[in-house]
Amino acid sequence: MTRPDFDPLLLDPTRLSIVSLLAATEWAEFGWVRDSVSMSDSALSKQVTTLSRQGYVETEKGYVGKRPRTWLNLSESGREALERHVSALQRIVEQSRQTAGSSEAADSGETGGTTGANGTGRGHDDTAERKATPSAPSAGRAARRSPPPAGA
């Protein structure tokens, strides 16, 4: 597998979320971005500063009436970095699919190319390997109860 072109700055899920959100907008208001990514003002400000230093995000300050506002925009270099990063992720997924596909082909060759009773090509019935999911909560979950009503 070749080394992917990950952007180290975008490996952080918070920064990736911010850049992805800005990629779909033009000059988004700081408060909207903050609410969309569920962050505090200070946490978003810190991440925006990091992205701005790299040249990925542009900021513009101004006023709406007498209220100060900050707007954020994904720069062209930020857009290109996001595209490269997403392409690297997609290559990993595609390579994994190809590896899994060639592995399944090799497995079916080992069993003489016959399909097992389950239709998977594994050459054996894996029905017993599958686990049924319980429909009722487990005893551990049932232990969490609401507090008794006041005065009871």
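The values are calculated or read from the model by the stated rules, or taken from the named source; none is laboratory data. Note that the structure is a prediction, hence the values are computed from the model and not measured. For neighbour counting, all protein chains shown are included, and Cβ atoms are generated from backbone atoms with ideal geometry for every residue, glycine included. Ligands, DNA and RNA are excluded from the accessible area calculation, which covers all protein heavy atoms including side chains. Shrake-Rupley method; radii C 1.70, N 1.55, O 1.52, S 1.80 Å.
Total residues in the range 32-42 satisfying the condition of being hydrophobic (A, V, I, L, M, F, W, C), part of a helix (DSSP H, G or I) and either touching a residue at least 24 places away in the same chain (Cβ under 8 Å) or exposed (fewer than 13 other Cβ atoms within 10 Å of the Cβ) (or both): the figure is 1. Counting only residues that are open to solvent by 80 Å² or more (accessible area, probe 1.4 Å) and not basic (Lys, Arg), the range 65-77 holds 2 of them.
What number of residues within the range 4-31 are more than 20 Å from the chain's Cα centre (by Cα) and exposed (fewer than 15 other Cβ atoms within 10 Å of the Cβ)?
4
Among residues of the range 44-55 being of a type outside the set (Ser, Thr, Tyr) and without any contact (Cβ under 8 Å) to a residue 12 or more places away in the chain, the one that is surrounded by the most Cβ atoms within 10 Å (Cβ to Cβ) is LYS46. Within the range 70-93, the set of residues being of a type in the set (S, T, N, Q) and part of a helix (DSSP H, G or I) comprises SER77, SER87, GLN90. Selection of the range 16-36 for residues being under 23 Å from SER87 (Cβ atoms) and in contact with a Ser or Thr (Cβ under 7 Å, 6 or more places away or on another chain) yields only LEU21. With respect to (1) modelled with pLDDT under 95; (2) more than 26 Å from ASP5 (Cβ to Cβ); (3) open to solvent by 60 Å² or more (accessible area, probe 1.4 Å); (4) not acidic (Asp, Glu), the lone exception for LYS61 is condition (1). Would you check which residues across the range 55-92 are of a type in the set (Ser, Thr, Tyr) and farther than 16 Å from ILE18 by Cβ and list them? Selection gives TYR63, SER87.
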